[in-house]
Structures are given as C-alpha cells and as structure tokens.
Amino acid sequence: MKLLVTGGAGFIGSNFIHYWLSRHPGDQIINLDKLTYAGNLGSLEKISQNKNYKFVRGDITDQKLVNRLMAGIDWVVHFAAESHVDRSLNNPLVFLKTNILGTYTLLKASSNHKVKRFHHVSTDEVFGSLSPRSKRKFSERTKYDPRSPYSASKAASDHLVNSFHHSFGLPITITNCSNNYGPYQHPEKFIPRMITNLIRGEKIPIYGDGKYLRDWLYVEDHCRAIELILTRGKTAETYCLGGQIKQINNLELARLIIQLMGKDFKKSIAFVKDRPGHDRRYAVDWSKAGKELGWRPKYSLREGLKKTIEWYLKNPHWWDKLKKETEKFYTRTKKTCLPSYRRACLSADR
Ligand code: NAD
Ligand code: DAU
C-alpha cells in the first residue's frame, strides 16, 4: 500500500507514521507537511533513512503539488491542520485556510486520482460542549455545534469530506476523536505544558476554575483505531473515539500529574485568566468502534501519563526550544504564571 499522510511532522501524525511503519514495514509513506510552528522533523529522526518513507515540505492548499503527490496513492490519512484552540482565538484566518481550503484541495485531488480511501482525522470539538451535570456523551448521532474558530473549521472540513462521498463517490471515513496525549506533543497543549512546567520548577496555569472536563486518549490507541478503520472500517462511516476514563476535570488531572512527578500540589498550580468561550465538558461514546472494529483504548490514564512523563523527562532537547517560543505566545495572551502577571494568577496557597 502507498499512503499519503498529511501533517506527519505534527503530534499525532508522527506517532502514526512510527506506528504504521513498525506494523506494515512493506508499505510506503509520503509525508506532506508545511512545517508550521507545530511541525517538527525531530519527531521523525528514527525513520528518516527508511527507504519506504519520504518527506515532502509543502502546503496542503497547494493544488499543483497535492495533485502531483496524489498519483499512485492508495490511501490518504489526513492529519494536517491548525489544531490549537487558543491560537484560533487570536488568528482564525489561517485555520480557515488550512483546515477548510486545505481539506478541499486534498479531496479534489483524491477524487481525480480515484484513491481507495480518504481518511479524515477530526475532533469531538465539532459537537460543542456538554453540561458537567449530565451523563450525555458525544456519539456519531450527535448534532454538530462547534463553538470556536478551530472547531468550526474542523466541522466545515467534516462536511466537505462527506460531500465528496455523496457527490463524487469518494470512499471516505472520518474519526471524531477526544483529547490525545503522549510523546511528541507540542508543549502548548495542556498535558505537555504541565509536565514541562513542572520539570522546569514552574507552576501549572489552570484556566478559569479548572473544572473543565476532557476525555483523554493515549495517542497510540488513536493510531491503532485508525489502522483498524483503514483495514476493516466501512467506507462512508464516521467513528467516535475516546479514552478509558470516566470523568476527570483539569484540576484533578493536574493533581494526578503533580503526584506522579513527586511535587507538592498547592505549590505547583496557579489560576489564570480563562479561555473565552471555553467548552465545559467533552465525553465520547466510542461503542460503535468497539462493536464494529473490536477497538478499545488499551492504556489507562495513569499508565499513559507515566509513559508520557518519562518521555518528556528523557527528551528535553526535543521540547526545550518549542517551550520558549510557546511561553512567549502565552505571555502575549496573558495565559501565564510569570511574575509580571501575578495579579492575574491567584495562587492556590490562598
Ligand atoms: P499538530 O498541531 O501537532 O500538527 C499539525 C501538523 O500539520 C504540523 O506538523 C503542521 O506543520 C502541519 N500543517 C499545518 N498546516 C499545514 C498546511 N497548510 N499544509 C501542510 N501541513 C500543515 O496537530 P495534532 O495534535 O497532531 O492533530 C492532528 C489532527 O488531529 C488535526 O487534524 C486535529 O484537528 C486532529 N485532532 C487532534 C486531537 C488532539 O488532541 N491533538 C484530538 C482530536 C483530533
Ligand atoms: O477534544 C479534542 C481537541 O483536544 C483537539 O481537537 C484539539 O486539537 C486539541 O488541542 C484539544 O483541544 P483542547 O482545547 O481541549 O486542548 P488543550 O490542551 O488546549 O486544553 C485542554 C484543557 O486544559 C482545556 O480545558 C483548557 C485547559 N488548559 C489548557 C492549557 C494549555 C489549562 O487549564 N491551562 C493551560 O495552560
């Protein structure tokens, strides 16, 4: 099989390429990635010399390039996106360009070249926000209700993917997945930000009251689900994917990480300005993927976090530069615990 993976230098894409080549060493992968601030070839060093792997630096909105790369491709696995909600609040336009126009460009070329499968990696954020008191979960039947420019652009891309199936017969599949964590995740995201702050002896910035709920999935479990969907999934189907855990809010998650890293809770957190329009709760019912594909997440949150913490402790050279750039962004947007923002940071000691 010959795969075109987009966004393979990002967090989930790079984990997927490692996973795929270790399980399907005879397959060929072309990785198309623009190398934005979120792309990092350091995540792919171990396979850069593999004769079945080729990296192409380019933009998914570049029609000519995408059309040329699509020749002879069996499967497209589309990860490339602007993926950070906080950044979408500051600069939405690039989200619309990459996530909507980029997906359209890939769909058009996939349709022209009659690829056998276009797998679109999407998010549970397209479904909006759940009440913290309800027991409801997102499923394949949930109505779309995106609430940030990021999730709105992902929702638009999902609709475009479906439209290419209905209008032009393109064999597509879509996954709507919950929050991932694991190795090679950019330190702008909550779990790696917490771990790297603690390693540097800094506090964890908790947005708002910290009672926001997320559904955490270890990235390898996500990669295995995509493998099952490519090899056994039905075309034109959507699969919701999520983690093993019941309910954990951001403060409780911080407490667990602080405990696993042997630090003191009260001294390690600070409350900072909230994210505007912050979605209260995500939770995913992944029973369809369970029934149809035999998939279930293997890693408990504790196991996944231990592996993740160990990885960040061993690989400061991978994240150190990214961390400095990221904290500049957070300082500009006042979501930091630096001394100059002390008034915005209510210390947990009080
Ligand atoms: P990421 O931000 O770590 O990586 C995105 C990658 O896409 C980067 O390598 C970047 O260089 C590349 N890219 C961005 N714009 C591009 C363009 N115009 N052309 C080519 N490449 C471009 O993202 P991630 O966390 O790995 O997420 C991957 C996908 O999974 C995204 O589509 C995201 O919406 C989805 N998703 C992420 C999560 C999560 O928790 N991280 C959960 C559910 C779904
Ligand atoms: O649900 C899937 C989505 O998960 C993906 O589609 C997105 O690409 C991915 O970024 C993620 O979105 P979130 O906004 O949920 O993830 P983030 O890591 O930015 O934040 C997780 C929670 O932690 C959220 O409630 C905000 C909070 N937070 C985040 C940061 C960075 C903090 O309290 N402090 C922080 O410093």
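Just so you know, in the range 292-309 the residues that are over 20 Å from the mean Cα position of the chain (by Cα) and open to solvent by 40 Å² or more (accessible area, probe 1.4 Å) include one that is nearest to Pro183 (Cα to Cα), and it is Gly294.
For the range 222-244, state whether one or more residues are closer than 25 Å to Leu130 by Cα and at pLDDT below 95. If you could, list the steps in order and put the result at the bottom.
Taking the range 222-244 as the starting set, the residues that turn out to be closer than 25 Å to Leu130 by Cα are 222, 225, 237-244.
Checking the rest, the ones that are also at pLDDT below 95 come to 244.
Yes, the conditions are met somewhere in the range 222-244.
Taking first residues from the range 278-306 that are closer than 23 Å to Gln259 by Cβ and partners that are of a type in the set (Phe, Trp, Tyr) and within 14 Å of ligand 2 (Cβ to nearest atom), the Cβ contacts under 6 Å between residues at least 6 apart in sequence or on separate chains come to Tyr299/Tyr218; Leu301/Trp216; Gly304/Tyr218. Across the range 62-71, not a single residue is classified as in contact (Cβ under 8 Å) with a residue 60 or more places away in the chain, out of contact with any strand residue (DSSP E or B) (no Cβ under 7 Å at 6 or more places or on another chain) and not basic (Lys, Arg). Identify the residue in the range 266-287 that is crowded, with 16+ Cβ neighbours inside 10 Å, in contact with a strand residue (DSSP E or B) (Cβ under 6 Å, 6 or more places away or on another chain) and among the charged types (D, E, K, R) and, among all such residues, is nearest to Lys137 (Cα to Cα). Here the residue is Arg281.
Residues in the range 320-327: is at least one in a loop (DSSP other than H, G, I, E, B), surrounded by fewer than 14 Cβ atoms within 10 Å (Cβ to Cβ), at pLDDT 95 or above and more than 20 Å from the chain's Cα centre (by Cα)? Checked the range 320-327: no residue is in a loop (DSSP other than H, G, I, E, B), surrounded by fewer than 14 Cβ atoms within 10 Å (Cβ to Cβ), at pLDDT 95 or above and more than 20 Å from the chain's Cα centre (by Cα).
Evaluate the range 257-265: report whether one residue or more is in contact with a Gly (Cβ under 9 Å, 6 or more places away or on another chain) and open to solvent by less than 40 Å² (accessible area, probe 1.4 Å). No: the range 257-265 contains no residue that is in contact with a Gly (Cβ under 9 Å, 6 or more places away or on another chain) and open to solvent by less than 40 Å² (accessible area, probe 1.4 Å). Residues in the range 183-223 that are among the basic types (Lys, Arg) and crowded, with 20+ Cβ neighbours inside 10 Å were compared, and the one that is nearest to Trp318 (Cα to Cα) is Arg193.
Identification of helices (runs of 4 or more DSSP H) wholly contained in the range 44-142 with 2 or more residues that are buried (at least 17 other Cβ atoms within 10 Å of the Cβ) and away from ligand 2 (no atom under 16 Å from the Cβ) yields 63-70, 103-112.
The numbered conditions (1) touching a Ser or Thr at 6+ places or on another chain (Cβ under 7 Å); (2) open to solvent by 10 Å² or more (accessible area, probe 1.4 Å); (3) more than 16 Å from ligand 1 (Cβ to nearest atom) are all true for Leu251 except (1).
Test Arg232 against the stated conditions and say whether it is over 13 Å from the mean Cα position of the chain (by Cα), under 13 Å from Pro297 (Cβ atoms) and of a type in the set (Lys, Arg). It is false that Arg232 is over 13 Å from the mean Cα position of the chain (by Cα), under 13 Å from Pro297 (Cβ atoms) and of a type in the set (Lys, Arg).
Looking at the range 143-153 only, could you name the residues that are part of a helix (DSSP H, G or I) and more than 9 Å from ligand 2 (Cβ to nearest atom)? Lay out the reasoning, then the answer.
From the range 143-153, those part of a helix (DSSP H, G or I) are 149-153; that's our starting set.
Scanning the range 143-153 gives Pro149, Ala152, Ser153.
Restricting the search to strands (runs of 3 or more DSSP E) fully inside the range 163-249 and requiring at least 1 residues that are away from ligand 2 (no atom under 11 Å from the Cβ) gives 172-177, 216-218, 237-241.
The values are calculated or read from the model by the stated rules, or taken from the named source; none is laboratory data. Just so you know, these numbers come straight off a predicted model, no measurement behind them. Note that we place each Cβ from the backbone using ideal geometry, even for glycine, and neighbour counts take in every protein chain shown. Just so you know, the surface numbers come from the protein's heavy atoms only, side chains and all, with ligands and any DNA or RNA stripped out. Shrake-Rupley method; radii C 1.70, N 1.55, O 1.52, S 1.80 Å.
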